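What follows is a set of notes on a single structure, which appears directly below.
What follows is calculated from the coordinates using simple rules that are stated; it is not laboratory data. As the structure is a prediction and not an experimental result, all values here were calculated from the model. Using ideal geometry, Cβ is built from the backbone for each residue, glycine included, and neighbour counts are taken over all protein chains shown.
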Amino acid sequence: MEDVSDTDQQPSAESTSEQPETPARSYPRTFGALIGSMIFLLVLVVPIVLVVQWRGNLEREVSGANQTYKADWADAVRSAQVADLEVIYPRELPSGWYANTEPTYQGGEEPAWTMSFVKGETSYVGLELSVRSAQAIAQKNVDTQAREGDEVSIKTDVADTWTEWSDADGDTGYSADVGEQTLMVWGPKDGDVRDYLTRLTTEPLK
């Protein structure tokens, strides 16, 4: 029998010793990599921000479109009267009517006081008191081809005799001399205009 040497019986140190772990590979953080990360975030975030902003603007537009602007015409009348301006206005508005614009007073060589009222989408009434002729006011507010009609008797606080004006589409207007000025009230429906005529006054508004 062959002798077995001690060296043959001992396990190899290389086979029993644990192999050292290979460290994980690390990637250097370069300036280029940082810029790339920032660009990626911008590409991801900017569209989200734009969508949120667009939705916010859309909601504000829809909300604004649903809000009906109602001017404080009574306060404008009081201010004009305090300034000793000659103005004519309706004592009260028919149900459902409101002023859609602020009443205005234009000074200068041709002073003019204007008001406008609406109801719904098709009913409106305008008023102008100025030194211009009735024909000039009618051509501006009723139609450039407005036709002068007959004189009619409608008793109001500001005048009893009115001149009718009309156009081919059925819009109507009524004018009257008030002192040295001309008053005209116009609208698309004769009934609405006549209703406003009976409500006109020059009394101080409290």
Across region 172-200, what is the number of residues that are surrounded by fewer than 17 Cβ atoms within 10 Å (Cβ to Cβ) and assigned to a strand (DSSP E or B)? 2
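Okay, residues lined up against (1) among the polar types (S, T, N, Q); (2) within 25 Å of Pro188 (Cα to Cα); (3) surrounded by fewer than 17 Cβ atoms within 10 Å (Cβ to Cβ); (4) without any contact (Cβ under 8 Å) to a residue 60 or more places away in the chain:
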{"site": "Ala83", "(1), (2), (3), (4)": "no, no, yes, yes"}
{"site": "Tyr89", "(1), (2), (3), (4)": "no, yes, no, no"}
{"site": "Pro94", "(1), (2), (3), (4)": "no, yes, yes, no"}
{"site": "Tyr98", "(1), (2), (3), (4)": "no, yes, yes, yes"}
{"site": "Thr101", "(1), (2), (3), (4)": "yes, yes, yes, yes"}
{"site": "Glu109", "(1), (2), (3), (4)": "no, no, yes, yes"}
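Does Glu151 satisfy being loosely packed, with under 14 Cβ neighbours inside 10 Å, free of Cβ contacts under 8 Å to residues at least 24 places away in the same chain, farther than 25 Å from Glu109 by Cα and not small (Gly, Ala, Ser)?
Numbers: loosely packed, with under 14 Cβ neighbours inside 10 Å: yes; free of Cβ contacts under 8 Å to residues at least 24 places away in the same chain: yes; farther than 25 Å from Glu109 by Cα: yes; not small (Gly, Ala, Ser): yes.
Considered against the rule, which asks whether it is loosely packed, with under 14 Cβ neighbours inside 10 Å, free of Cβ contacts under 8 Å to residues at least 24 places away in the same chain, farther than 25 Å from Glu109 by Cα and not small (Gly, Ala, Ser), Glu151 comes out as yes.
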Out of Asp160, Asp169, sole residue that is out of contact with any Lys or Arg (no Cβ under 6 Å at 6 or more places or on another chain) and within 20 Å of Glu86 (Cβ to Cβ): Asp160
From the set of residues in region 119-171 that are under 31 Å from the mean Cα position of the chain (by Cα) and in a helix (DSSP H, G or I), which is nearest to Ser95 (Cα to Cα)? Asn141
Taking Thr114 as the residue in question, decide whether it is among the β-branched types (Val, Ile, Thr) and surrounded by 16 or more Cβ atoms within 10 Å (Cβ to Cβ). yes
Do any residues in region 119-146 that are surrounded by 14 or more Cβ atoms within 10 Å (Cβ to Cβ) have Cβ atoms under 7 Å from those of residues that are of a type in the set (Gly, Ala, Ser) and in a helix (DSSP H, G or I), where the two are at least six apart or on different chains, and which pairs are they? Ala146/Ala138
